[in-house]
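K.L.:
A single structure is presented below for examination.
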Amino acid sequence: MLGLMQNRPLLISTVIEHAANFHSAAEIVSRTCEGPIHRCSYGDINRRSKQLANALTGLGVKPGDRIASLAWNGYRHMEMYFGVSGMGAILHTINPRLFPEQIEYIANHAEDKFLFFDLTFLPVVEKLAAAMKTVKGFVLMTDRAHMPASTGIPNLQCYEDLIANQSTEYVWPDFDENTASSLCYTSGTTGNPKGVLYSHRSSLLHSMLACSVDGLGLGTNETALLVVPMFHVNAWGMPYAGALCGAKLVMPGPGLDGKSVYELMRDEKVTLALGVPTVWLMLFQYVDANKLEPKQDLSLTRVVIGGSSAPRAMCERFETNFGAFVMHAWGMTEMSPLGTVCNLLPKHKGYNLQQRLDIQAKQGRAVFGVEMRITDDDGKVLPNDGKAFGHLMVRGPWIVASYYRNEGGVILDADGYFDTGDVATIDPDGYMQITDRSKDVIKSGGEWISSIDLENAAMGHPAVAEAAVIGAAHTKWQERPLLIIVKKQGQQLTREDMLQYLEGKIVKWWTPDDVVFVDELPHTATGKLQKMKLREQFKGYRLPTDV
Ligand code: AMP
């Protein structure tokens, strides 16, 4: 027997419509590429999203079409979040930090119809426009006054001109909540970047969870600074969650340096800030260099840190110097991204700061909706005893079922669990702690580096018998590549020779921070390189760049 309740679909358009009706005055504050701070409301975002939807309809955009963005966090990007998805098309947020060949690859793989981009990315788009085979038109997300006099970009339009004469009347269509809403490629896998295709349903369920008290606790009374970019897993879902609960949102645009972030925090009275550890280190440096008093200047009460492990010292500093509680969170592009949040339990009430930090250094407990377990190499489920460590497996309604166009084939096990590529322990209270990574990628400042690509490049050198690349700990970037080489017998090769050899063969920011030479690398009985063992071997290694 079926229940007799209304079966209204969970659609992204309902979120902005709700925000416009019930939180219409709540602000969206953006630092723009053009310079000034821009202020608008959810009511404005709803109106302009509708104008955008009308404009896209006029351009022939149909439900299911992919509309790409190359943009920072800002109000126009937010209008795309609602306008594009709301009309039934798919917003493809491209990570501008990828190197040009990857951007070209994913735009073609996604078969994007239009590309919207910020002024910052004009040079990249000029370079790539001709290679983006399916893109029919380009839209520069600015006003007439900032349009370049001439560019090599065909069919270039101005965003403000595009929507200016469009009606603000638009009835958001109803459709199946399982319809795709946005697309985000991840490089955190081997091989080419793979697309994760979110649905309206998955995005809404995830947003509701983000607003729950033991999720991220976002609410009407919060002013949230989204330092996490809108091209990284939909800024951790915050644009949707913010509209859902009517939180004031603060968007830093391209200004991610310590000064810009601090000033926004202070001027907008930010209470909750979200970002990866690297940006917070830049903030700390600015505070130190200018002898500032964050506790007095700022209204910050909570900071969500994810994307990489939040160092204990960082949690402590936010607490003592900023008066802000760190919520350590873990997730993935494949998970929309929320998996775990490190909130405290009633039993921790009497804990002193140091005892509490022991807990906060863990990645946290699974939020409702995420089923999580650890398994050994044979798939046997391991106990949640805080000691056994194994492959971290997850399933749930906002977790990937397969990659876009089935790249990588079947990615779930027989029980429907997805292997995160992280290795973790889970303690009896349910706190998960990442201990290692089984996937062969390095995460530096929140962005992925392929160790396999680096190894292949190094192996091209005639004096190299074998090469392995692992992520070594780095204070600012969390991880940087360390290249470990076994030389061919009788061959001469120095660190400098190797680094010089790699120049031009890899993007500059992938360059290993150090090269070391060893007699042999650890292998399994079947001859496979044992990266985990190698990481263990180089655990305390101090990179020369980590000063
Ligand atoms: P991405 O898909 O780019 O968001 O990257 C997801 C991956 O980042 C995870 O599988 C982890 O390897 C890593 N990661 C995310 N959050 C954390 C965290 N709090 N601690 C350690 N690693 C993390």
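K.L.:
Only one of these is within 28 Å of Ala210 (Cβ to Cβ) and either assigned by TED's automatic domain parsing to the domain that holds Asn192 or out of contact with any helix residue (DSSP H, G or I) (no Cβ under 9 Å at 6 or more places or on another chain) (or both): Lys443, Lys387. Name it. Let's see the steps before the verdict.
P.N.:
Values: Lys387 fails: within 28 Å of Ala210 (Cβ to Cβ).
After applying the criteria, what remains is Lys443.
Conditions tested, residue by residue: (1) within 33 Å of the chain's Cα centre (by Cα); (2) not hydrophobic (A, V, I, L, M, F, W, C).
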| residue | (1), (2) |
| --- | --- |
| Lys488 | no, yes |
| Leu499 | yes, no |
| Leu502 | yes, no |
| Lys505 | yes, yes |
| Trp510 | yes, no |
| Asp514 | yes, yes |
| Ala525 | no, no |
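K.L.:
In the stretch 427-451, what residues are touching a strand residue (DSSP E or B) at 6+ places or on another chain (Cβ under 8 Å) and away from the ligand (no atom under 16 Å from the Cβ)?
P.N.:
Result: Asp429, single match.
K.L.:
Now a separate question. What number of residues within the stretch 332-346 are near the ligand (Cβ under 8 Å from one of its atoms) and either in contact with a His (Cβ under 8 Å, 6 or more places away or on another chain) or part of a loop (DSSP other than H, G, I, E, B) (or both)?
P.N.:
Counting residues in the stretch 332-346 that are near the ligand (Cβ under 8 Å from one of its atoms) and either in contact with a His (Cβ under 8 Å, 6 or more places away or on another chain) or part of a loop (DSSP other than H, G, I, E, B) (or both) gives 3.
K.L.:
Among (1) in contact with a Ser or Thr (Cβ under 7 Å, 6 or more places away or on another chain); (2) under 30 Å from Arg405 (Cα atoms); (3) touching a residue at least 24 places away in the same chain (Cβ under 8 Å), which single condition is Ser199 missing?
P.N.:
So the condition that Ser199 fails would be (3).
K.L.:
Related question: Within the stretch 178-232, how many residues are closer than 19 Å to Ser30 by Cα and within 16 Å of the ligand (Cβ to nearest atom)?
P.N.:
7
K.L.:
Report, by residue number, each residue of the stretch 402-436 that is touching a residue at least 12 places away in the same chain (Cβ under 8 Å), surrounded by 16 or more Cβ atoms within 10 Å (Cβ to Cβ) and among the small types (Gly, Ala, Ser).
P.N.:
Gly421, Ala424
K.L.:
Can you name every residue in the stretch 310-322 that is open to solvent by less than 40 Å² (accessible area, probe 1.4 Å) and within 13 Å of the ligand (Cβ to nearest atom)?
P.N.:
The answer is Ala310, Met314, Cys315.
K.L.:
Out of (1) within 24 Å of the chain's Cα centre (by Cα); (2) part of a loop (DSSP other than H, G, I, E, B), what's the single condition that is false for Met80?
P.N.:
(2)
K.L.:
Yes or no: Asp415 assigned to a loop (DSSP other than H, G, I, E, B) and out of contact with any strand residue (DSSP E or B) (no Cβ under 7 Å at 6 or more places or on another chain)?
P.N.:
Working: assigned to a loop (DSSP other than H, G, I, E, B): yes; out of contact with any strand residue (DSSP E or B) (no Cβ under 7 Å at 6 or more places or on another chain): yes.
So Asp415 fits the description; yes.
K.L.:
Could you tell me whether the stretch 274-284 includes any residue that is assigned to a strand (DSSP E or B), touching a Phe, Trp or Tyr at 6+ places or on another chain (Cβ under 9 Å), farther than 24 Å from Leu119 by Cα and within 16 Å of the ligand (Cβ to nearest atom)?
P.N.:
First pass over the stretch 274-284, keeping only residues assigned to a strand (DSSP E or B): 274-275.
Next cut, touching a Phe, Trp or Tyr at 6+ places or on another chain (Cβ under 9 Å) only: 274.
Narrowing the set further to residues that are farther than 24 Å from Leu119 by Cα leaves 274.
If we keep only those that are within 16 Å of the ligand (Cβ to nearest atom) too, we end up with 274.
There is at least one residue in the stretch 274-284 that is assigned to a strand (DSSP E or B), touching a Phe, Trp or Tyr at 6+ places or on another chain (Cβ under 9 Å), farther than 24 Å from Leu119 by Cα and within 16 Å of the ligand (Cβ to nearest atom).
K.L.:
If you take the residues of the stretch 287-309 that are outside any loop (DSSP other than H, G, I, E, B) and open to solvent by 30 Å² or more (accessible area, probe 1.4 Å), which of them is farthest from Cys342 (Cα to Cα)? Before the answer, list the steps.
P.N.:
Narrowing the stretch 287-309 to residues outside any loop (DSSP other than H, G, I, E, B): 287-289, 294-297, 302-305.
Among the residues that remain, those that are also open to solvent by 30 Å² or more (accessible area, probe 1.4 Å) are: 288-289, 295-297, 302.
Values: Asp288: 27, Ala289: 31, Lys295: 23, Gln296: 26, Asp297: 26, Arg302: 12 Å.
Top of the filtered list is Ala289.
K.L.:
Does Val303 qualify as being within 16 Å of the ligand (Cβ to nearest atom), free of Cβ contacts under 8 Å to residues at least 40 places away in the same chain and within 27 Å of Thr220 (Cα to Cα)?
P.N.:
Yes; evaluated as a whole, the condition is true for this residue.
K.L.:
Which condition breaks for Asn456 when tested against (1) polar (S, T, N, Q); (2) touching a helix residue (DSSP H, G or I) at 6+ places or on another chain (Cβ under 8 Å); (3) over 22 Å from Gly540 (Cβ atoms)?
P.N.:
(2)
K.L.:
Here is a check on your reading of the model: is Val326 in a strand (DSSP E or B) and more than 12 Å from the ligand (Cβ to nearest atom)?
P.N.:
Numbers: in a strand (DSSP E or B): yes; more than 12 Å from the ligand (Cβ to nearest atom): no.
Criteria not met by Val326.
K.L.:
Can you pull out the residues in the stretch 395-411 that are of a type outside the set (D, E, K, R), within 16 Å of the ligand (Cβ to nearest atom) and not in a loop (DSSP other than H, G, I, E, B)?
P.N.:
Answer for the stretch 395-411, where residues must be of a type outside the set (D, E, K, R), within 16 Å of the ligand (Cβ to nearest atom) and not in a loop (DSSP other than H, G, I, E, B): just Tyr404.
K.L.:
Let me ask something else. Going by the structure shown, is Glu520 among the acidic types (Asp, Glu) and over 33 Å from the mean Cα position of the chain (by Cα)? Break it down stepwise before answering.
P.N.:
Numbers: among the acidic types (Asp, Glu): yes; over 33 Å from the mean Cα position of the chain (by Cα): yes.
Answer is yes for this residue.
K.L.:
Go over the candidates Leu382, Leu345, Leu338 one by one and state the one that is under 30 Å from Gln296 (Cα atoms) and either at pLDDT 95 or above or open to solvent by 20 Å² or more (accessible area, probe 1.4 Å) (or both). Steps first, please.
P.N.:
Values: Leu382 fails: under 30 Å from Gln296 (Cα atoms); Leu338 fails: under 30 Å from Gln296 (Cα atoms).
Only one candidate passes the filter, namely Leu345.
K.L.:
What residue, of Gly237, Gly242, is surrounded by 24 or more Cβ atoms within 10 Å (Cβ to Cβ) and under 11 Å from the mean Cα position of the chain (by Cα)? Working first, answer last.
P.N.:
Values: Gly242 fails: under 11 Å from the mean Cα position of the chain (by Cα).
Selected residue: Gly237, the only one of Gly237, Gly242 that is surrounded by 24 or more Cβ atoms within 10 Å (Cβ to Cβ) and under 11 Å from the mean Cα position of the chain (by Cα).
The values are calculated or read from the model by the stated rules, or taken from the named source; none is laboratory data. Just so you know, these numbers come straight off a predicted model, no measurement behind them. Cβ: placed from backbone, ideal geometry, glycine included. Neighbour counts: every protein chain shown. Ligands, DNA and RNA are stripped out before the accessible areas are found, and what is left, the full protein with its side chains, is counted by its heavy atoms. Shrake-Rupley method; radii C 1.70, N 1.55, O 1.52, S 1.80 Å.
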